[in-house]
1. With every atom except the alpha carbons ignored, what do you get for Rg and Dmax of region A:207-334, in angstroms?
2. Find the chain B residue whose Cβ sits closest to the rotation axis that carries B onto A, and give that distance in whole Å.
3. What angle, in degrees between 0 and 90 and rounded to the nearest 10, separates the Cα long axis of helix B:258-270 from the longest principal axis of the Cα atoms of chain B?
4. What is the gain in length, in nm to one decimal, between A:ALA388 and A:ASP359 on full extension, counting 0.36 nm per residue of separation less the C-alpha to C-alpha distance?
5. With a 10 Å radius around each residue's Cβ, average the other Cβ atoms per peptide and rank B:357-366, B:52-61, B:175-184, highest first.
6. Would you mind listing how long chain A runs along its three principal axes, going by Cα atoms, in whole Å with the largest first?
7. Report the percentage of all Cα-Cα pairs in region A:7-126 whose separation exceeds 17 Å, rounded to a whole percent.
8. B:ALA358 label points, 7 Å along Cα→Cβ, one per copy: pairwise distances from this copy to the rest in nm, shortest first?
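The values are calculated or read from the model by the stated rules, or taken from the named source; none is laboratory data. Everything numeric in this text was worked out from a predicted model, so none of it was measured. Heads up, the Cβs are rebuilt from the backbone with ideal geometry, glycines too, and the neighbour counts pull from every protein chain shown. Note: accessible area is taken over every heavy atom of the protein model, side chains too, but ligands, DNA and RNA are not part of it. Shrake-Rupley method; radii C 1.70, N 1.55, O 1.52, S 1.80 Å.
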Protein chains: 2
Amino acid sequence: MIQGRDPRTGEPVGEPVPETTGVGLDALVAAAHAALPVWGAWSATPRRADALEAVADALDARAGELAVIADTETGLGGERLTGEVARATGQLRLFAAVLRDDGYADAVISPAAGAAPDIRRITRPVGPVAVFAASNFPFAFSVAGGDTASALAAGCPVVVKAHEGHPVTSELTAEIVTGALTAAGAPAGTFGLVHGVQAGLQLLRHPLIAAAGFTGSTAGGLALARICAERPVPIPFYGELGSVNPCVVLPGAAFSRPAAIAAGYVASLTMGTGQFCTNPGLLFVPEDAGLLAAISEAVGGSSGGPMLSGRIFAGYQDALEEAAAHPGLTELASGAPGPGPWGATPCVFQVTLKEFAADLELLSRERFGPAGLVITYPSVADLLPVLAALPGNLVGTVHADGSLPEDMDLARQAVAVLERVAGRIVFNGWPTGVAVVAAQHHGGPWPATTAPAYTSVGTAAICRWLVPVAYQNFPDDLLPPGLR
Amino acid sequence: MIQGRDPRTGEPVGEPVPETTGVGLDALVAAAHAALPVWGAWSATPRRADALEAVADALDARAGELAVIADTETGLGGERLTGEVARATGQLRLFAAVLRDDGYADAVISPAAGAAPDIRRITRPVGPVAVFAASNFPFAFSVAGGDTASALAAGCPVVVKAHEGHPVTSELTAEIVTGALTAAGAPAGTFGLVHGVQAGLQLLRHPLIAAAGFTGSTAGGLALARICAERPVPIPFYGELGSVNPCVVLPGAAFSRPAAIAAGYVASLTMGTGQFCTNPGLLFVPEDAGLLAAISEAVGGSSGGPMLSGRIFAGYQDALEEAAAHPGLTELASGAPGPGPWGATPCVFQVTLKEFAADLELLSRERFGPAGLVITYPSVADLLPVLAALPGNLVGTVHADGSLPEDMDLARQAVAVLERVAGRIVFNGWPTGVAVVAAQHHGGPWPATTAPAYTSVGTAAICRWLVPVAYQNFPDDLLPPGLR
């Protein structure tokens, strides 16, 4: 049984949910496979688009109830969770709009010319998709989150493996999604939910599953990626793993606005108790006492919160202990601990660039939670090769004083390096907050993701679930509708 | 040393070429890495486009010499080889045109709206690329083939691992490519060539290599794919492996044009001595004596040719022996053997749908060379589930009588199944011949390729070597030129 727990008390909350059996899983995947020809062929607009909007409406209609239940299982608070339901339903509506736009299928026509025959290409849904829900976004990256929305939009039936951290929220969400899809006329099997680690592994190994999406830890993601690669028929695995999101404060910015940078940094670091893949884990600052003091003060005034689970809290404590014991690191400041048995304490360590570079692999590992590492650099010339040696990240950030040509020249140099180690570069902002828009790229080089050409946020997320087919010398009435 | 051999005699031909040492390989990859910032940032048009066209011109200027040397190493004949140089240079010019079109970088702009910041996304070159040349296309899929052309166009320096079958052709091609790139002002290291199996493995494992392209056997491709997945930093591996390319002849077509179908089939099967990944390995025909007799007659009138290497010839002989010994298969007909020690004999076997389905995995394996398997089916209703169970393929083909509504209805059903097991569907044609156009998709589900969303032929091949970067809240002059 999967038992949710209240992060504020560590006590069980809600009814336990049974783990899905092997027989149950087989039935769900078989149903998804059977649904594919209908759901995948359903005229993308209006029918699939209508169904996605119906799911969004149904979730919105019960947003309050969903947020209340999710709060008992995640402790993330009503405001954040209500907002996150809206983010999830916004994603569903965005993908409905993508379908109505009609460009998503990427139709290309090369008419016959000379010896070359008429060739027309369009994408088709890859097949039933497995989605592994994340713990830290119980709506936007969970049962009805971006992976589910984009895969359903692509025409792929979806089987979600619920995260153990919020089983009742997952059940209720799935019930609402299934009900809305059924009412909209979608075939049975278009959407399914499984619970339990074993069910998740069986799902990934199931021969009828054609691709998988995952948001979670580096260790978990690597294990699942390997399973996908070693199947008799390997499948694409779109994993979004860990990231430390280097932020570079250039000398001019550090001099002209230390307080604003310190405040912005600490707000980004502690938001959601630091439980974001876009958390600013590494902050590179000039050897400038003013900025360090401002950061120290801001961290000291910050507060933690309850972490999502005892396991995440234990991992955070281990990461803090490892940092405290590291000979090159000193603690710069810490904030007030969060409430309850899993309450995290914001904590920022400090290290010189030289010491950081000497132990780069260890020190650039993710510390999931409100823990930061501030690296003091003597010059940007010294900094650049260290930035270039970082592992892949989701986000890189540069703070510059736009009024100083020297700072902007350094910014150009930093961006030229960061754009090779991160999928998104933020200028004079912070990495947390991922806008759901067409130009978004929430991806990045390994190990930030397992497939650096793809994004899990924004409209391009649909591309993960589509594969091309070319039609050569076809009569018009045998072509897919989008190619006639 | 790598020693080329003349397929017509099996005897050594040309000077032996030394295998690349570990030190030599390191130097080439380091040079490629050093070239990346310049070649990758070179204004895509006109400079990178000019350089690609200069390479094409230089190869065309020596097409005769190249074809003569390649003929001694491959036995493919002057006409085919001269045409193939033109195909390779056509590809280089096509990618130059893609760069001049300017849409390849896929720039997307989402302006600031409400709480969402301005986000702009564009692609960048992934990094230095390893290309593994194929044996069966000494120009179009070799040193200066489609993988090299598309990767260079994307801004990626390329290190090619030459195929052992045509070392002198590879050396001469590389000399021409390097000379033309240098004359065009490309940085040193933009292009390199290595020889030898060990050098190829070191290349794939090199930490500075960012992606790899491969055209070759299923066994070889799977081994290389695993190496890429198990690197400390895994890299994308775009492998085009084996394919048996199912062709379905519907009852109406079998009745109305048996002679034309038989002639077209045998021409496609024996073209290039059957050494194409698009070879029609499986032909599904109704239990119709007329068509079988026509096929038997056409096969009987066909001739083989010298295969590319002793190893390929030995593999072909093994495949024929395995087929001859299979209890469900009978030989339908064979043609005249090709000349020389590696001369292949065209051979077509016959099996019932029931026997085929009972041993589908073995019988649907590729038999590289002019060997066909004709599967007789009692009805299309019986055939469809067998088609659906086939492994992934590059091409599926349907022959129908367009004047018969019943045949066209069956064609619709067959296409609906084939488009899930093949990347390209041909109507009333044959799978060999892959047009280099924008709508082409030369890819397909596993094991036809290791990355079914991508093509290795046509302009979309450039997408394999590009990864996105998003820029958030950027001042105009810090943005890449394509995003301002």
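1. Every Cα atom of region A:207-334 included, Rg and Dmax give 18.8, 59 Å.
2. Residue and rounded Å distance to the axis: B:ALA229, 2.
3. Once rounded, one gets 50 degrees.
4. So the extension gain works out to 9.0 nm.
5. On the way: B:357-366: 15.9, B:52-61: 21.3, B:175-184: 18.3.
Averaged packing, sorted descending, gives the order B:52-61, B:175-184, B:357-366.
6. 72, 65, 40
7. Numbers: 5230 of 7140 pairs.
Looking at region A:7-126, the distances longer than 17 Å represent 73 percent of pairs.
8. Those separations, rounded to one decimal, come out as 7.3 nm.
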